[in-house]
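Trainee: Just passing along the structure, written as structure tokens.
The values are calculated or read from the model by the stated rules, or taken from the named source; none is laboratory data. For clarity, every value in this text was computed on a predicted model and none was experimentally measured. Every residue, glycine among them, receives a Cβ derived from its backbone with ideal geometry; neighbour counts consider all protein chains shown. Keep in mind that these areas ignore ligands, DNA and RNA; they rest on the heavy atoms of the full protein, side chains included. Shrake-Rupley method; radii C 1.70, N 1.55, O 1.52, S 1.80 Å.
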Amino acid sequence: MSKPKRVAITGAAGQIGYSILPRIAAGEIFGPDQPVVLQCLEIPPAMNALRGVAMELEDCAFPLLEGIVCSDDPHVAFGDADLVLMVGAKPRGKGMERGDLIRENGPIFVGQGQAIQKSASKDVRVVVVGNPCNTNCLIAMHNAPDVPKDRWTAMTQLDHNRALAQLANRASAATRDVQNAIIWGNHSATQFPEWRHATIGGKKAADVIGDNAWFTDHFIPTVQKRGAAIIEARGQSSAMSAANAAIDHARYLYQGTRAGEWTSMAVCSDGSYEVPEGLIASFAVTCKGDGTWDIVEGLDFDEFGRGKLAITVNELEGERDTVKDLLR
Ligand code: NAD
Ligand code: LMR
């Protein structure tokens, strides 16, 4: 067996933490031959709950789990971490937008970004889940200027999976037969879920479904507002599907996307598709499996899509302005 991968999880005693920890320990990110050490970060009032979660993890007797660290000190939790999953942040409640959390959650990512730079492995990869995840990722990245910008990602995989599921349902297909949806922009209600490049059973989704109004009037708003619909129904924000998406996102980074397929990830823009350089925005990406990603270039846009992309980019620029005091 190789040296264990150290995975830090912030907010590990929360809802998403409870769903994601056993899946990491079972080998779902790095595969069945790679041992892991879980390094859990919480705030002091949640440390007792975290100890309970750690006891349960022990009691699962996962063959790949070589250690569990529980700490309220980010330098301990991020110590030599290969992968940091930044989940710890307040979730929104009914009637709120994710952006309403920005001034409350944003400051968390200042100190934690600095701690990643100081204490994590030099080869660290970071996935930000805590909302508003694009801008929290921007904050953490700015506070860790020595960590290369391509190490920072924020999660739009949940939106991507929601898009696949909506397309599959409408076509009475299985989600495994749906490929290459795209989430553009922000993990918010302005995101642009795009179907024009998606395929179902190898054919263009638009041709299989054959109902353009369904895409504009149902598909887009359903994916955009799915998080709110879950909060309305469950009284709490998504957790199982969020944990599942974070596993998918990290697995793509370490095991790669399939040939001919892409996924959606919010990454630091290099100016592709005229998204201003430096914003953390969601694009279609491919992953080789070595922790790197590449934006899928050369996708064509129609006028409708250009307008949608401009709206979500505009929102990201506004969020960046709202937290400019937290960026260095
Ligand atoms: P939760 O309230 O159940 O858990 C959050 C945990 O974070 C709590 O245990 C809390 O003690 C901890 N925490 C708070 N501040 C912390 C800090 N400074 N350091 C470490 N831990 C801290 O919430 P949840 O349902 O697990 O959701 C967590 C976040 O993920 C929320 O912001 C939510 O909106 C977001 N989320 C994002 C997506 C996405 O698609 N990007 C999906 C679902 C949820
Ligand atoms: C989601 O998309 O389910 C999460 O971001 C939680 C939320 O606030 O919607």
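Trainee: Compute the semi-axes of the equivalent ellipsoid of segment 249-328, taking the square root of 5 times each eigenvalue of the Cα gyration tensor, and list them largest first in whole Å.
Mentor: Working through the eigenvalues yields semi-axes of 24, 18, 9 Å.
Trainee: Determine how many Å³ per residue the convex hull of the Cα atoms of segment 195-316 encloses.
Mentor: 140
Trainee: Straight-line reach from LYS118: which lysines fall under 25 Å, measuring Cα to Cα and dropping same-chain residues less than 8 apart?
Mentor: LYS3, LYS5, LYS90, LYS149, LYS324
Trainee: Which value, to two decimals, describes the C-alpha radius of gyration of segment 5-154 once divided by 2.2 N^0.38 Å?
Mentor: Ratio of Cα Rg to 2.2 N^0.38 Å: 0.99.
Trainee: Now for a different question. So how much slack lies between ARG328 and GLU58, counting 0.36 nm per residue of separation and subtracting their Cα-Cα distance, in nm?
Mentor: This chain segment gains 93.2 nm when fully extended.
Trainee: Normalised by the residues of segment 130-286, what does the relative contact order come to in percent, with Cα pairs under 8 Å and at least six apart?
Mentor: Value for segment 130-286: 28 percent.
Trainee: Going by amide H atoms built from the backbone, whose H comes under 5 Å of the H on ARG125, apart from near neighbours?
Mentor: HN-HN under 5 Å from ARG125: LEU83, VAL84.
Trainee: In whole Å, largest first, what are the principal axis extents of the Cα atoms in the chain?
Mentor: Projected onto its principal axes, the Cα set of the chain covers 52, 43, 38 Å.
Trainee: Test of the criteria: in segment 254-306, which GluC sites (Glu not before Pro) are in a DSSP loop and have at most 16 other Cβ atoms within 10 angstrom of their Cβ?
Mentor: GLU261, GLU277, GLU297
Trainee: Sequence gap at least 6, Cα distance under 8 Å: using those rules, report the relative contact order of the chain to the nearest whole percent.
Mentor: 17
Trainee: Can you tell me the orientation of helix 240-255 relative to the chain, as the angle in degrees between its alpha-carbon axis and the longest Cα principal axis, to the nearest 10?
Mentor: Helix 240-255 sits roughly 90 degrees off the main axis of the chain.
Trainee: With a 1.4 Å probe and every protein chain left in place, work out the accessible area per residue of the chain in Å², rounded to a whole number.
Mentor: For the chain, the per-residue accessible area is 42 Å².
Trainee: Same structure, new question: Cα axis of helix 133-142 to longest principal axis of the chain: angle in degrees, 0 to 90, nearest 10?
Mentor: That works out to roughly 60 degrees.
Trainee: Show me, for segment 308-319, the HN-Hα J-couplings you get by feeding each phi into the Karplus relation (A = 6.51, B = -1.76, C = 1.60, θ = phi - 60°), rounded to Hz, glycine and proline as x.
Mentor: 3J(HN,Hα) across segment 308-319, in whole Hz: 5, 5, 4, 5, 6, 5, 4, 5, 4, 5, x, 4.
Trainee: Can you give the extra length, in nm with one decimal, that the chain gains between ALA310 and MET240 once fully stretched, where that is 0.36 nm per residue apart less the Cα-Cα distance?
Mentor: Stretched out fully, the ALA310 to MET240 stretch lengthens by 22.1 nm.
Trainee: If you count only protein heavy atoms and use a 1.4 Å probe, how large is the accessible surface of MET96, to the nearest 10 Å²?
Mentor: For MET96, solvent-accessible area is about 60 Å².
Trainee: I've got another one for you. In bins 10 Å wide, starting from 0, what share of all Cα pairs of segment 123-239 does each bin hold, as a percent?
Mentor: Each 10 Å bin holds this share of Cα pairs: 13, 38, 29, 16, 3.
Trainee: Now a separate question. For segment 44-116, what ratio Rg/Rh do Cα atoms give with a Kirkwood hydrodynamic radius?
Mentor: Reported Rg/Rh, Kirkwood definition of Rh: 1.03.
Trainee: So how tilted is helix 47-60 from the main axis of the chain? Cα-based, degrees 0 to 90, rounded to 10.
Mentor: Between helix and principal axis, roughly 80 degrees.
Trainee: Before anything else, pin down the relative contact order of segment 229-328: Cα pairs under 8 Å, at least 6 apart, normalised by residue count, whole percent.
Mentor: Normalised by residue count, the contact order of segment 229-328 is 20 percent.
Trainee: Pop out the carbon and sulfur fraction of the accessible area of the chain as a percent, whole number, probe 1.4 Å.
Mentor: Roughly 50 percent of what the probe reaches on the chain is carbon or sulfur.
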